[in-house]
Structure formats: structure tokens, C-alpha cells
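J.: I have a structure here, written as C-alpha cells, and I will follow up with some questions on it.
The values are calculated or read from the model by the stated rules, or taken from the named source; none is laboratory data. Worth saying up front: this structure is predicted, and the values here are computed from it rather than measured. Every residue, glycine as well, gets a Cβ built from its backbone with ideal geometry; the counts of neighbours run over all protein chains shown.
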Amino acid sequence: MNTPSRPDTPAVIVFAVTSVALAWLVALPLWLRGQGLEDPFLGLVAAAMMLTPGLATLAALAVQRRTRGRRGARVVLRELGMWPLRSVGRTLFMCVGAIVAAPVLLGAGLALSGALGLVTFDLVGFSGFAQTLQDAVPAGTPLPPIGVLVVAQLASIPLGALINAPFAFGEEIGWRGWLLPALQPLGTWPALIVSGAFWGLWHAPLILLGYNFAEPNVLGVVLMMVACVLFGILLGWTRLRTASVWPAVFAHGAFNASAGMGLLFAAAGSPASSPVLVGALGMVMWIVFALVIGALVVTGQFRRDRLAVELGPDRRRAAAEVPSAAS
């Protein structure tokens, strides 16, 4: 059986063009209405954009059907990392671990930001969060104890991860479900880097409005690409380690649910720092991502014998068909 030595270029091109075109189409109302990040439909548009990589995946699969022949639904689901689970226990453990790890990573970023003097925190009175709540309600409105509200916010992160999961799935089925394995013939690290960079570029319709970094320009897009490469390596590792897209889905959902953690702990009157530095995807978080990636590399987590889909679906299937010396 012939095994591909390079990516399926037509399918990759169709995926790339379709995902970018749909992202811009969905975001177009924000540009036409001219309200930018103040547009009341921003959240709805952002959520709808998250579904476009899934649609692009369908387009790529249609191209592959013409070039590789008809494949059964079970084969497609397996190649996308949806079903069946190769190791149920490991996959469930990674899903739960991803939900826990996302706020821990963001918490580490906040701690580092505080250590660098970029943010002032109030971990006792939570004065910044209290001020935000007071400004949001009519004067004199009684509020529950601020500590209880902070604990409730933190405790709701797992629920937020589950609520966000359908939208995160719309992205992850494209980036980690289809694109990452499709680029595997390039090698594991090139596939991780290229898929992450494209993920960041796909965000351009919102980044160019000032989303995430308050840099509505090429710099903002480049910052997003770097952030997505680093975060994408971590999400991609869960995909390669388990052969399942689900840990990446729940990690993505939990990260989005945890992105506002800094608002809970910042002190009232704390100098506003640039989101380029202290945002959920800012440069301080890059350091955290890089440290975790380094730890995974040092502990051998990217070794071939540790990766369930290191060869990609076609090559792994072909390798399984070659008789071993013991057979």
C-alpha cells in the first residue's frame, strides 16, 4: 500500500481557504456596523466563528473523498479523533486533567505577572472585583460576601468548560482533529507549529478590531499567531498523546472559561497593564506555555513511543499492515 510522504495539499488548501473565508463572512457584520468591540453582537459573532473550522473540515473531507475514495463513517470518526476512544481511561483522565490544568496555567500567569510587578493583587478583600460589581448595580444594592462570589466564580469554571465545549469542538475538530494529523507527514513539530500559526491567523477578523491585545493591526495578528503556536502545542500534545480530540476540546473550553480570572484578584486602582503583556494570551502567558512545553519535552512526552498518532492515520494504518518479524 502506498503511504503519503507529504500532506494532502488540495485538502489542506480547501480547509485553509474555507475556514478563513467563513471566519471573515461571520465577522463581517461587526465591520459593517462600525462599532467594533463595543458591538452588542460581538459575543454571538465570536461564538459563531468558532464553528467555522468544523465546516471547513467537512469541505476538506469532501476533497479527500474524491482523492482517496469513499471511507466509512467509522474510519472518518477515528481519523478525526472522535470515536472510538483508543484508551478510555487515559482519554477521560486527560479530559479531566485539561479542565483542571487550564485555570492552573492562567493562575501561574497571574502569579508571574504579580512577581514582575505588572499587576497588583488583593487576595483578601478582592477590592478590584468588588468595585466592578458595585459599578454594575444600582448604588446601595446589597451584594453577597465578596469572598463567596470569588469562590463561586472559580467553582463554576468546570461548568463553563462544559458549556463552552460545543463551541470549542467547532474549532478543535478543525485544528487538532483534522489539520494537525493532515500535516503530520511534515513531522510532529512542523505540524504543531504550522497548525498553531494558522489557528492564530484565522483569528484575524477579530484581532484587527482590537480583540485580545488591543492592537488592531498586523502586530496584533502576529501576537495571536505566537500565542496560538505555544498554546496549540499543548493542545496538540493531548491529541497526539491520546489519539483523541476530546482533551483538546475540554482544555480549550476551560481556558476560555478561565480567561477572566485576573479580574477576580486585581486590586482596585491597580495600574492597567497592556494585554500584550498580561492578557490571557499575553507575553507572560507565553513564558508559562514555554515552561510547560519544555517540561513535556524534557520528560520525553513527545517521544515517538509516547504518541498515539505520531505517524498520522494513513501511515499508521499502513505500518500495521506490514508483517512483523515475529509473525
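J.: Are any of the residues in the stretch 176-193 touching a helix residue (DSSP H, G or I) at 6+ places or on another chain (Cβ under 7 Å), farther than 22 Å from ARG78 by Cα and not polar (S, T, N, Q)?
T.: yes
J.: I would also like to ask the following. Would you mind telling me which numbered condition in (1) in contact with a His (Cβ under 8 Å, 6 or more places away or on another chain); (2) outside any loop (DSSP other than H, G, I, E, B) ILE293 fails?
T.: It fails just one condition, (1).
J.: Another question, if that's okay. Going by the structure shown, is THR52 touching a helix residue (DSSP H, G or I) at 6+ places or on another chain (Cβ under 9 Å) and either over 18 Å from PRO216 (Cβ atoms) or exposed (fewer than 12 other Cβ atoms within 10 Å of the Cβ) (or both)?
T.: So THR52 fits the description; yes.
J.: Could you check the stretch 189-235 and list, in sequence order, the residues that are among the aromatic types (Phe, Trp, Tyr) and more than 29 Å from ALA295 (Cα to Cα)?
T.: First, pick out the residues of the stretch 189-235 that are among the aromatic types (Phe, Trp, Tyr): 189, 198-199, 202, 211, 213, 231.
Hit for the stretch 189-235 is TYR211, nothing else.
For (1) out of contact with any Phe, Trp or Tyr (no Cβ under 8 Å at 6 or more places or on another chain); (2) at pLDDT below 90; (3) not aromatic (Phe, Trp, Tyr), each residue gets a yes or a no:
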| residue | (1), (2), (3) |
| --- | --- |
| HIS252 | yes, no, yes |
| ALA259 | yes, no, yes |
| TRP286 | yes, no, no |
| ALA290 | yes, no, yes |
| VAL309 | yes, yes, yes |
| ARG317 | yes, yes, yes |
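J.: Starting from the stretch 137-160, keep only residues that are under 16 Å from VAL124 (Cβ atoms), then list their pairs with residues that are of a type outside the set (Lys, Arg) and surrounded by fewer than 16 Cβ atoms within 10 Å (Cβ to Cβ) whose Cβ atoms are within a distance under 8 Å, requiring at least 6 positions of separation or different chains.
T.: Listed pairs, sorted by first residue: ILE146/GLY125; ILE146/LEU133; LEU149/LEU133; LEU149/LEU143.
J.: Please verify whether the stretch 215-225 includes one or more residues that are in contact with a Cys (Cβ under 9 Å, 6 or more places away or on another chain) and surrounded by fewer than 23 Cβ atoms within 10 Å (Cβ to Cβ).
T.: No; the residues of the stretch 215-225 include none that is in contact with a Cys (Cβ under 9 Å, 6 or more places away or on another chain) and surrounded by fewer than 23 Cβ atoms within 10 Å (Cβ to Cβ).
Here is a yes/no grid of residues against (1) touching a residue at least 60 places away in the same chain (Cβ under 8 Å); (2) β-branched (Val, Ile, Thr); (3) over 30 Å from LEU28 (Cβ atoms):
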| site | (1), (2), (3) |
| --- | --- |
| GLY43 | no, no, no |
| ALA47 | yes, no, no |
| GLY69 | no, no, yes |
| GLU79 | yes, no, yes |
| MET82 | yes, no, yes |
| ALA101 | yes, no, yes |
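J.: Taking the stated definitions as given, is PHE302 modelled with pLDDT of 90 or more, surrounded by 17 or more Cβ atoms within 10 Å (Cβ to Cβ) and assigned to a loop (DSSP other than H, G, I, E, B)?
T.: Here the answer is yes, as PHE302 does meet what is asked.
J.: TRP178 - would you say it is surrounded by fewer than 20 Cβ atoms within 10 Å (Cβ to Cβ), more than 12 Å from the chain's Cα centre (by Cα) and more than 21 Å from LEU106 (Cα to Cα)?
T.: Details: surrounded by fewer than 20 Cβ atoms within 10 Å (Cβ to Cβ): no; more than 12 Å from the chain's Cα centre (by Cα): yes; more than 21 Å from LEU106 (Cα to Cα): yes.
So TRP178 does not fit the description; no.
J.: Taking the stretch 121-147 as the search range and keeping residues that are farther than 11 Å from ALA268 by Cβ and among the small types (Gly, Ala, Ser), which one is surrounded by the most Cβ atoms within 10 Å (Cβ to Cβ)?
T.: The extreme case among them is GLY147.
J.: Identify, please: which residue in the stretch 3-36 is touching a residue at least 60 places away in the same chain (Cβ under 8 Å) and over 16 Å from MET49 (Cβ atoms) and is, among those, surrounded by the fewest Cβ atoms within 10 Å (Cβ to Cβ)?
T.: Restricting to residues being touching a residue at least 60 places away in the same chain (Cβ under 8 Å) and over 16 Å from MET49 (Cβ atoms), the top hit is SER5.
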